[in-house]
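What follows is a single structure, written as structure tokens, with notes after it.
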Amino acid sequence: MAKIIDNFLPKEEHEKIYNLMFNESNFPWFYVPDISFKNKHSKSHLFYMVHLFYFNNKPNSDFFDRVSNLLKKIKIKALIRVKANFYPNQGIKKIDEMHTDASYKHKAAIYSVNTNNGGTVLEDGTIVKSIANRLLLFDASKKHDSTNCTDQKARVNININYF
């Protein structure tokens, strides 16, 4: 069962994360040519940018400490991955293909950094809108997918996989 928590972080903490991802020119985003695994060579597929804060059992970013309050509040026992996603507005709104983050049972949290008309689609068809400072908790071994946005410059979120 999914759980949605609005106003998850205190306003000042949310603003620090927002400013890191939207206003700091030295925050590195890395290009991924396809959001979806299907039809990888199709010209109609959208791209996105990612930043891996944590991967392979260790911090992977000089900015890892900047999301530590977010991680502490979720009460994580063990991290698997912490990844920021930057879905640029590309003029059309698309829903990606349903996927699982891993085949084994684990938890996911998606933290929305900004408000936009994109969102996360859960296996049961529920669409969780991207609203700034909203946290979505769900079983990441269940199918889900994401959408980009068309009403802002980008949809930005932090995807956390954990136990």
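The values are calculated or read from the model by the stated rules, or taken from the named source; none is laboratory data. All values derive from a computational prediction rather than experimental measurement. Note: ideal-geometry Cβ built from the backbone for every residue, glycine included; neighbour counts use all protein chains shown.
Residues Lys93, Lys142, Lys77: which one is within 23 Å of Phe22 (Cα to Cα) and either basic (Lys, Arg) or not in a helix (DSSP H, G or I) (or both)?
Checking each option against the conditions leaves just Lys93.
Take the stretch 1-25 and flag every residue that is assigned to a loop (DSSP other than H, G, I, E, B) and either at pLDDT below 95 or surrounded by fewer than 15 Cβ atoms within 10 Å (Cβ to Cβ) (or both).
Matches in the stretch 1-25: Met1, Asp6, Asn7, Pro10, Asn23, Glu24, Ser25.
If we keep just the residues of the stretch 103-139 that are crowded, with 18+ Cβ neighbours inside 10 Å and of a type in the set (D, E, K, R), which is nearest to Leu20 (Cα to Cα)?
Looking at residues that are crowded, with 18+ Cβ neighbours inside 10 Å and of a type in the set (D, E, K, R), I get Arg134.
Restricting attention to the stretch 93-141, and to residues there that are of a type in the set (D, E, K, R) and under 19 Å from Tyr54 (Cβ atoms), which single residue is modelled with the lowest pLDDT?
Ranking the candidates gives Asp101 first.
Quick one: in the stretch 88-100, which of the residues that are charged (D, E, K, R) and within 10 Å of Asp145 (Cα to Cα) is surrounded by the fewest Cβ atoms within 10 Å (Cβ to Cβ)?
If we take residues in the stretch 88-100 being charged (D, E, K, R) and within 10 Å of Asp145 (Cα to Cα), then Glu97 is surrounded by the fewest Cβ atoms within 10 Å (Cβ to Cβ).
Residue check, Val82 against (1) surrounded by fewer than 16 Cβ atoms within 10 Å (Cβ to Cβ); (2) of a type outside the set (S, T, N, Q); (3) under 20 Å from Leu137 (Cα atoms), all met but one. Which one?
(1)
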